[in-house]
Amino acid sequence: STISKDSLKTSLLKLECHFTWTLLKEHVGLEALEETILDHIKFVVEYNIRDYNILSYVCHLKNSNEEALRSLRKAEEAIQKHHPGEIARRSLVTWGNYAWIYYHMQRYEEAQTYVSKVEDTCKKLSSAAHRKIQLPEIYAEQGWALLRFGNHYFERAKNCFENALKSEPDNPDFNAGYGIAMYRLEDWGGRNGDEFTPCLEALKRAVELNPKDTTILALLALKLQRLHRGDEGEKYIEEGLQKTPDFPVFLRYAANFYRKKGEVNKAVEILKKAQTLTPNSVFLHHQLGLCYRFKVTQLKKTRFTPREEVENLIQHAIFHLKTVIDKKPVFFSAYADLASVYALGKRYEEAEEIFQEVLQRNDLPCGEKQEIYFHYGNFQHFHMKSESKAIKYYIASLKMEKDSYGRKKCSEAVEKLLTEKIKSSLGDATDIGTLGLVYKLNGKKQEAIECYKKAIALDPNCEEYQNALVELQLSI
């Protein structure tokens, strides 16, 4: 071919599109993501361009490039329909994806054609032709794509929407994306020990600018609920149920709201309605699993637990949570949810299997591993009645440096367990020494020194405590 593959690759890397935004497939369940996008296409027509663009990339990741090209043709149809006056400007991402897909299909002539189309358009749009073009809607499209790829990308998504807003601070779409990115960051960051981001203001502004978009309305309600302003939040949920009673994305957030409020039957009713609209949604399966689990724990507190009803609910919960991890193997917290349901049903071997399966995954991020150690420690402590194993796993989480929600929970659990044991005078030198280790791992040096001194008094021959004590005294 007359086109040099190397120079083509250089040009391709300069394009702004899904192939150059570092969206890695190991961070998502491709099947679940594809279903989410297809559902969105069905229910939210005005974002079809964006959805077909990202769908083409997902198809490519699934090795179906022909399918990817079909999605891009649909994106082009949507561009002609929604932006007939500025087709070139609105096609930059679509053309970039075309170029990459043709490149991967080794159809270099066609790839070059699309690269040229992008370059020509950029020259017309910007005086500095050699520079990458920076259009606010491209930043926004990148932001939406990053949100779709999950928690590793929320910080970058927020930055993209911030960049887009610099040029158009009142753009409803950019504000919506920014509000959602802030909400997700806070949701995720809060669980991983990061600083809170002020998403309340961002969501309020997004709601003002997008009166029709009930998704943001629902997130605002959930945020208010988290701030213990649930009554205020519920008004927004009721408003959303009036405005979009058949919009599944809104319904699943509404259900989430009622589950957290403790109105589980109402939540299940809403989830089942949403399931008739989007039967494959992983999110709905997860929420249903959590609702049935909640019902089991409620029934177990009653004086005469109806065995059959409990069994039935456990079966339901297991079915839904298994579906989640089958369709989306990177939904790590769902493994702990499933294990906890097996434990509620006294099916301990199956619970153990699920815990082992997720703990042996080499793609399990640090913060999530610490959280699973917390649930596994609880399982050992409360179901298997093994305090020593519980302590071992709580401490395994503390030995991982990352400051996360899971680490904090392990720290609280293991301190409480050991302190109670020592207080009740069942504790021996080992327990006091272990508490010393916990304090040491948490940077509480003075408390650690006290513990090691007490442990040595009870067991003068233990070298481990003496070495730890010397090390601590030297470090102060």
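The values are calculated or read from the model by the stated rules, or taken from the named source; none is laboratory data. Just so it is clear, the model here is predicted, and its values are computed rather than measured. Reconstructed Cβ throughout: ideal geometry from the backbone, glycine too, with neighbour counts over all protein chains shown. All accessible areas refer to the heavy atoms of the entire protein, side chains included, with ligands and DNA or RNA removed. Shrake-Rupley method; radii C 1.70, N 1.55, O 1.52, S 1.80 Å.
Within the set LYS385, LYS402, LYS389, the sole residue that is part of a loop (DSSP other than H, G, I, E, B), over 21 Å from the mean Cα position of the chain (by Cα), over 24 Å from SER281 (Cα atoms) and not β-branched (Val, Ile, Thr) turns out to be LYS385.
Kindly evaluate VAL93 against the criterion of being of a type in the set (A, V, I, L, M, F, W, C), touching a Lys or Arg at 6+ places or on another chain (Cβ under 9 Å), closer than 26 Å to ASN280 by Cβ and surrounded by 18 or more Cβ atoms within 10 Å (Cβ to Cβ).
Working: of a type in the set (A, V, I, L, M, F, W, C): yes; touching a Lys or Arg at 6+ places or on another chain (Cβ under 9 Å): yes; closer than 26 Å to ASN280 by Cβ: no; surrounded by 18 or more Cβ atoms within 10 Å (Cβ to Cβ): yes.
When the stated conditions are applied, VAL93 does not pass them.
I want to confirm something. Restricting to the stretch 269-311 and keeping residues that are charged (D, E, K, R) and under 21 Å from ALA32 (Cβ atoms), which single residue is surrounded by the most Cβ atoms within 10 Å (Cβ to Cβ)? So that I can check it myself, show each step before the final result.
Within the stretch 269-311, the subset charged (D, E, K, R) is 269, 272-273, 293, 295, 300-301, 303, 307-309, 311.
Then drop every residue that is not under 21 Å from ALA32 (Cβ atoms), which leaves 272-273, 293.
On the way: LYS272: 13, LYS273: 15, ARG293: 23.
This residue is ARG293.
Scanning the stretch 377-423 for residues that are touching a Lys or Arg at 6+ places or on another chain (Cβ under 6 Å) and in contact (Cβ under 8 Å) with a residue 60 or more places away in the chain yields a count of 1.
Here GLU238, GLU232, GLU311, GLU269 are screened, and the one residue that is touching a residue at least 24 places away in the same chain (Cβ under 8 Å), among the acidic types (Asp, Glu) and in a helix (DSSP H, G or I) is GLU311.
Within the stretch 1-27, being open to solvent by 70 Å² or more (accessible area, probe 1.4 Å), in a helix (DSSP H, G or I) and without any contact (Cβ under 8 Å) to a residue 40 or more places away in the chain holds for ASP6, THR10, LEU13, LYS25.
Is it fair to say CYS462 is at pLDDT below 95 and among the hydrophobic types (A, V, I, L, M, F, W, C)? Yes, satisfied.
Mind checking whether some residue in the stretch 117-130 is more than 22 Å from ILE3 (Cβ to Cβ) and within 31 Å of the chain's Cα centre (by Cα)? Scanning the stretch 117-130 turns up no residue that is more than 22 Å from ILE3 (Cβ to Cβ) and within 31 Å of the chain's Cα centre (by Cα).
Got a sec? Which of PHE332, PHE374 is modelled with pLDDT of 95 or more, of a type outside the set (Lys, Arg) and under 26 Å from TYR439 (Cβ atoms)? If you could, list the steps in order and put the result at the bottom.
Working: PHE332 fails: under 26 Å from TYR439 (Cβ atoms).
Selected residue: PHE374, the only one of PHE332, PHE374 that is modelled with pLDDT of 95 or more, of a type outside the set (Lys, Arg) and under 26 Å from TYR439 (Cβ atoms).
Within the stretch 178-192, restricting attention to residues that are touching a helix residue (DSSP H, G or I) at 6+ places or on another chain (Cβ under 6 Å) and open to solvent by 40 Å² or more (accessible area, probe 1.4 Å), which residue is modelled with the highest pLDDT?
Applying the filter and picking the extreme gives TYR178.
Can we say LEU472 is of a type in the set (A, V, I, L, M, F, W, C) and in contact (Cβ under 8 Å) with a residue 24 or more places away in the chain? Yes.
Say we look at the stretch 451-465 and pick out the residues that are part of a helix (DSSP H, G or I) and without any contact (Cβ under 8 Å) to a residue 12 or more places away in the chain; which of these is surrounded by the most Cβ atoms within 10 Å (Cβ to Cβ)?
From the stretch 451-465, those part of a helix (DSSP H, G or I) are 451-458, 463-465; that's our starting set.
Next cut, without any contact (Cβ under 8 Å) to a residue 12 or more places away in the chain only: 457, 463.
Working: ALA457: 11, GLU463: 7.
Among residues in the stretch 451-465 that are part of a helix (DSSP H, G or I) and without any contact (Cβ under 8 Å) to a residue 12 or more places away in the chain, the one surrounded by the most Cβ atoms within 10 Å (Cβ to Cβ) is ALA457.
Across the stretch 53-90, the number of residues qualifying as within 17 Å of VAL115 (Cα to Cα), more than 31 Å from the chain's Cα centre (by Cα) and open to solvent by 60 Å² or more (accessible area, probe 1.4 Å) comes to 2.
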